1. Identify the GluC sites (Glu not before Pro) of region 1-65 meeting these criteria: DSSP loop state and at most 16 other C-beta atoms within 10 Å of the C-beta.
2. Between 24, 36, 61, whose Cα lies farthest towards the positive end of the dipole of the chain when Lys and Arg beta carbons carry +1 and Asp and Glu beta carbons carry -1, centred on the Cα centre?
3. Taking the Cα centre of region 44-129 as origin, work out the dipole magnitude from +1 charges on Lys and Arg Cβ and -1 charges on Asp and Glu Cβ, in debye rounded to 20.
4. Does region 38-122 come out rounded, prolate or oblate by the C-alpha gyration tensor, with a ≥ b ≥ c the root eigenvalues, rounded set by a/c under 1.5 and, if not, prolate when a/b is larger than b/c and oblate if not?
5. Just how large is the dipole of the chain about the Cα centre, in debye to the nearest 20, putting +1 at every Lys and Arg Cβ and -1 at every Asp and Glu Cβ?
6. Would you calculate the separation in nanometres between label points at residue 42 and residue 70, each defined as 7 Å from the Cα along the Cα-to-beta-carbon direction?
7. Report, for the chain, the % of DSSP beta bridges that are antiparallel, rounded to 5.
8. Does anyone have the angle between helix 48-57 and the longest principal axis of the chain? Alpha-carbon axes, 0 to 90°, nearest 10?
Amino acid sequence: MADIRHVTDLFAVAPQVEAGDFAAIAALGYGTVINNRPDSEAPGQLSSVDAEAAAVAAGLVYVHAPFTGSPTEAAIARLSAALDGDTGPVLAYCRSGTRSISAWALVEAESGRLDTNAIVEKAHAAGYDLSPMRGLLRSRSVKA
């Protein structure tokens, strides 16, 4: 099973998940899974087509929002829509979870639900250091 790291009541991140993980993810109460990895990023990685099939078979909503480096506006928009949806908690994954939590941080900054310090603290509690993003988060935040 993937190393799921709880960030808020509605959001968690994980490194790469495998096809067999989706049923367990659904059993944990997640309603949506977001894949932030581009296909063929690494040998042996689960493809987005196979991930979607496994997610749907487990009763999950599947969103493919791939990016490398900084989160794209499209990935941010897809994560924001998922968090605002009514499918329950969201689990986002990438190779290590760092891309996924970075996208979440930008969504939270732009939404105004959390201020920059709270975003960085929640990420830290989940094992991710987003302190280098403080300036970017503040610039995109409605709550500095």
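1. Those that pass, being in a loop and sparsely packed, are 18, 41.
2. Positive-end residue among those listed: 36.
3. Using Cβ point charges on Lys, Arg, Asp and Glu, region 44-129 gives about 200 debye.
4. Values: a/c = 2.26, a/b = 1.44, b/c = 1.56.
Oblate, since a/c reaches 1.5 and b/c is not below a/b.
5. On the way: 11 positive and 16 negative charges, 94 e Å.
In total the dipole reaches around 460 debye.
6. Placing both labels 7 Å along Cα→Cβ, they lie 2.5 nm apart.
7. Working: 3 of 15 bridges.
Of the beta bridges lying entirely in the chain, close to 20 percent run antiparallel.
8. It works out to around 80 degrees.
The values are calculated or read from the model by the stated rules, or taken from the named source; none is laboratory data. The structure displayed is predicted, hence computed values, not measured ones. As a convention, Cβ positions derive from the backbone with ideal geometry for all residues, glycine included, and neighbour counts pool all protein chains shown. Only protein heavy atoms, including side chains, enter the accessible area calculation; ligands, DNA and RNA are left aside. Shrake-Rupley method; radii C 1.70, N 1.55, O 1.52, S 1.80 Å.
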